[in-house]
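In what follows, a structure is listed as structure tokens, so that the remarks can point back to it.
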Amino acid sequence: MKKKKRKPTIVPVGAHPSVPAMPGTVVQRTTHIEITISGPQPSPEEVDKLVKDKTLSLGDALEFYEALVEDIREMYGTDDPEELMRLAMESEDLWLEEHVHDLEMYHALKQRSH
Amino acid sequence: MNLVFEVHSPVFSSKDDVKKWVNQKFREIVAEIEMFKRMGVVIDYVLFPLLQNGNKFLWNVRGVIKGGTGFSLGVSFEVNKFGENYLVLVKMGFSWVSPHSKTRQRLTSVKNLNTEFRSKKFWRAFSEKEGSRILVRWDNYPHHPDSGSWPFHKHFGGQKVPASPSQEQSVVGFFEFIKAHLGKS
């Protein structure tokens, strides 16, 4: 095990109210976290193979986003990333922030697949 | 190994150098995620194709974490031209999500996301309509100048939660945070 950076360990100040609905995992606010770099890192050759093996085809990627974007349209009434970003800035809804990138990916995939 | 996610690139004089740098960052992230897979924190992950749209390179990685939670890392490399030179601005968002219990249960038994991608209905893990919740989200969008770690900040689930200072400013940091919390389960 190789330690790269050591900081004070977790300082719990109480679980977030959203936590009880997630059994089995406790999320706590922290001020610091210990960064311990351990575990085998892949070689450049292994990374080449991982990229090849783990990258989805354009068709599979588009299928994933089409299903997700259908939900986004239903929830927010738009599939325009700029409109969603505007809504995200107004509401600070984390899903909106997350979905701005989803919509950008979706439109780029559609463009690429045509 | 990056302990801080770079917010921008060095200045480049050619588009080829920009592409090489983006490709290098992409490979570094894959190596970091794979390391956490080998440590047993990540069960498996899939890479979405690196896409170019106008002056942006867009990329996404999604995966399953031990216990059936999920993660999504979205990265946008925005290429800006200044005179004859180029600078890449990097925006990233990393969400740790808790899917609906049924989806979560199915995800705990995932062996290989690439082969089980369709049958597991993986998109459900990332849809609030399907009952998924964001537990923690980190991003470097520059909209919380008072967060103490600008532009990086994190949010704890739900809506309208104030950004709190983030000590985790890299893929390694995000997974170390998750690993620490999984260890407490």
*Please sort by residue number the trypsin sites (Lys or Arg not before Pro) in the stretch B:44-121 whose DSSP state is loop and whose Cβ has at most 11 other Cβ atoms within 10 Å.*
B:111, B:118
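Do any of A:54/B:120; A:52/A:110; B:20/B:129; A:54/A:110; A:52/B:121; A:54/B:91 go past 28 Å between their Cα atoms, and which?
Working: A:54/B:120 16 Å; A:52/A:110 21 Å; B:20/B:129 38 Å; A:54/A:110 20 Å; A:52/B:121 22 Å; A:54/B:91 23 Å.
Beyond 28 Å: B:20/B:129.
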*For residue A:75 and residue A:52, calculate 0.36 nm times their separation in residues minus their Cα-Cα distance, and state this gained length in nm to one decimal.*
4.8 nm
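Values quoted throughout were computed directly from the atomic coordinates according to the rules given, and no laboratory measurement underlies them. Quantities reported herein were computed from a predicted structural model and do not represent experimental measurements. Note that we place each Cβ from the backbone using ideal geometry, even for glycine, and neighbour counts take in every protein chain shown.
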